[in-house]
Amino acid sequence: MDFSRAGQAAAKIKKVLQQVGVEPGIVRRAIIVAYEAELNIVIHAYHGTLTASITPRKIEIVAEDEGPGIPDISLAMQEGYSTAPPHIREMGFGAGMGLPNIKKSADDLDIQSEVNKGTRLRAAIFI
C-alpha cells in the first residue's frame, strides 16, 4: 500500500535497459510488464519483490509476493476484472487491466498462485 514508491523498481529497470541499448519498443513492453506487476504487489500483497534478468536474448521479469493469492487466474486475466477495494479504485488504480496489459506486452507469461499464500508471475520479453 506504499503508493509513494510505486513505480520505482520499474523506473530502475527502464534505466538499465536504456543504458545497455535495448530497442525502445522492447523497453516499453518490459516496463509495462514491470510497472503493472509492481502495482499489483503494492495493491494486493503484504510483501513482494520484483526482479529483472537481462540477457542478449530476453528480459525476464519476476514478481513474487506474499498475499491473498489469485483464486481464479483465468478470471483475473479478463479485462476489467478487479478485486481492488473501493478506496484503491478511488485513487485511480485497480481498473482490472494489470494482468491483461502484462499478457499483451509479454512474449511468454507464467502465473502461479496459491490462495492465502501468494503469487509468482514470470514474464519474458524476447529481444
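Give the relative contact order (percent, whole number) for the chain; include only Cα pairs under 8 Å separated by 6+ residues.
28 percent
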Around Gly118, which amide H atoms from residues at least 5 apart in sequence, or from another chain, sit under 5 Å from its own amide H, with H modelled in the peptide plane? Gly67, Gly69
Sort 99-110, 71-82 for me by packing, meaning the mean count of neighbouring Cβ atoms within 10 Å per residue, highest on top. 99-110, 71-82
Whole-Hz Karplus ³J(HN,Hα) for the range 82-95, in order, using 6.51 cos²θ - 1.76 cosθ + 1.60 and θ = phi - 60°, x for Gly and Pro? 8, 10, 5, x, x, 5, 6, 5, 5, 7, x, 10, x, 7
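What do you get for chymotrypsin sites (Phe, Trp or Tyr not before Pro) in the range 1-56 restricted to DSSP loop and a cutoff of at most 11 other Cβ within 10 Å of the site's Cβ? Mind showing how you got there, number by number?
Working: sites: Phe3, Tyr35, Tyr46; in loops: Phe3, Tyr46.
Those that pass, being in a loop and sparsely packed, are Tyr46.
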FRET efficiency for Val115 and Glu23 from the Cβ-Cβ distance with R0 = 30 Å, rounded to 0.05, comes out at 0.20
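Using DSSP to define loop residues, name the trypsin sites (Lys or Arg not before Pro) in the range 1-87 whose beta-carbon has at most 10 other beta-carbon atoms within 10 Å.
Arg5, Arg57
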Calculated from backbone phi, Karplus (6.51, -1.76, 1.60) coupling profile of the range 39-54 in Hz, x at Gly/Pro: 5, 4, 5, 4, 6, 10, 9, 7, 7, x, 9, 10, 10, 10, 10, 10
Cβ-Cβ cut-off under 15 Å around Ala45, Lys and Arg +1, Asp and Glu -1: the net charge is -4
With a 1.4 Å probe and every protein chain left in place, tell me how much accessible area Glu38 has, in Å² to the nearest 10. 20 Å²
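The values are calculated or read from the model by the stated rules, or taken from the named source; none is laboratory data. Keep in mind that this is a model prediction, so the values were computed, not measured. Cβ atoms come from the backbone with ideal geometry, glycine included; neighbour counts cover every protein chain shown. Side chains are part of the model used for accessible areas, which takes the heavy atoms of the whole protein and leaves out ligands, DNA and RNA. Shrake-Rupley method; radii C 1.70, N 1.55, O 1.52, S 1.80 Å.
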